[in-house]
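Colleague: The structure that follows is given in the form of structure tokens.
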Amino acid sequence: KKKIPKKINFDLSSFVEKNIGFKLTLDQNRAINEINNDISSNKRMFRLLQGDVGSGKTIVSIISAQNVIFNNYQVAFMAPTEILAKQHFNLFKKIFGETSKANLLTGKTEYKKRKDILKRLENNEIKIVFGTHALFQNKVKFKKLGLIIIDEQHKFGVNQRKKLSDKAGKDCDVLLMTATPIPRTLTMTIYGDMDLSIIQEKPKNRKPVR
């Protein structure tokens, strides 16, 4: 499907590396380049990012999100649990600062704050929203949604993912992430219409995953 190409900020990776204190791996950089090529093309991205827990998928997705935000689009970042959504939200704020127009929307968000978030999303005042299933709700409307990121995508149903993508126009790219290894034959069967990026290399000096 055709879309308007987005411009890429090639200084982002080095900016993020400075703020997180470690260098990106070759696999991470390769995945970023593949996603950048998709984002800057005139065809909608539909890509699956696969890698073990701790391989650094989140940093790749955050760099991709910020590239889309630079083009004055909004990003919806969905995770299956509130803890995970909050982790991604806090990491984004840590890298890009408190002034970044990011917010968190979950089922536990209090009514008054939720109302404010929904209003600001509709006015394009919030550039990236992290959340759980709450992002599916009909009341959640975006002014200019340019990227949907779904973490642990296998935990969501097909209709749930479709509900979120329906909120976007024709210029919205889609990035799914999974830590579940998928055999190549199954990948071709279920995700045959998707491009695949794989992160195999683990970042150095990382603490063991517990």
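The values are calculated or read from the model by the stated rules, or taken from the named source; none is laboratory data. Remember, it's a predicted structure, so these values are computed and weren't measured experimentally. Here Cβ is always computed from backbone atoms with ideal geometry, including for glycine, and neighbour counts include all displayed protein chains. To get the accessible areas, we keep the full protein, side chains included, count just its heavy atoms, and leave off ligands, DNA and RNA. Shrake-Rupley method; radii C 1.70, N 1.55, O 1.52, S 1.80 Å.
Colleague: Select from region 70-84 the residues that are farther than 16 Å from Ile126 by Cα and part of a helix (DSSP H, G or I) and list them in ascending order.
Modeller: Matches in region 70-84: Glu82, Ile83, Leu84.
Colleague: Looking only at region 25-84, count how many residues are closer than 19 Å to Ser13 by Cβ, among the aromatic types (Phe, Trp, Tyr) and in contact with a Gly (Cβ under 9 Å, 6 or more places away or on another chain).
Modeller: Count: 1.
Colleague: A further question follows. Within region 63-78, can one find any residue that is in contact with a Lys or Arg (Cβ under 6 Å, 6 or more places away or on another chain), of a type in the set (A, V, I, L, M), surrounded by fewer than 22 Cβ atoms within 10 Å (Cβ to Cβ) and under 26 Å from Leu26 (Cα atoms)?
Modeller: Yes: region 63-78 contains one or more residues that are in contact with a Lys or Arg (Cβ under 6 Å, 6 or more places away or on another chain), of a type in the set (A, V, I, L, M), surrounded by fewer than 22 Cβ atoms within 10 Å (Cβ to Cβ) and under 26 Å from Leu26 (Cα atoms).
Colleague: Looking at region 112-144 only, could you name the residues that are touching a residue at least 12 places away in the same chain (Cβ under 8 Å), surrounded by fewer than 16 Cβ atoms within 10 Å (Cβ to Cβ) and either among the β-branched types (Val, Ile, Thr) or part of a loop (DSSP other than H, G, I, E, B) (or both)?
Modeller: Correct list: Asn123, Asn124, Glu125, Lys139, Lys141, Lys143, Lys144.
Colleague: Evaluate the following for Lys6: is it open to solvent by 10 Å² or more (accessible area, probe 1.4 Å), touching a residue at least 40 places away in the same chain (Cβ under 8 Å) and over 16 Å from Phe92 (Cβ atoms)?
Modeller: Considered against the rule, which asks whether it is open to solvent by 10 Å² or more (accessible area, probe 1.4 Å), touching a residue at least 40 places away in the same chain (Cβ under 8 Å) and over 16 Å from Phe92 (Cβ atoms), Lys6 comes out as no.
So that you can scan it fast, the table gives a plain yes or no per residue for (1) open to solvent by 20 Å² or more (accessible area, probe 1.4 Å); (2) aliphatic (A, V, I, L, M); (3) free of Cβ contacts under 8 Å to residues at least 24 places away in the same chain:
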| residue | (1), (2), (3) |
| --- | --- |
| Phe22 | yes, no, no |
| Asn29 | yes, no, yes |
| Ile32 | no, yes, no |
| Asp52 | yes, no, no |
| Gly97 | yes, no, yes |
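Colleague: Additional query: Restricting attention to region 193-205, does a residue exist that is of a type in the set (Val, Ile, Thr), outside any strand (DSSP E or B) and either open to solvent by 10 Å² or more (accessible area, probe 1.4 Å) or modelled with pLDDT of 65 or more (or both)?
Modeller: The answer is no; no qualifying residue exists.
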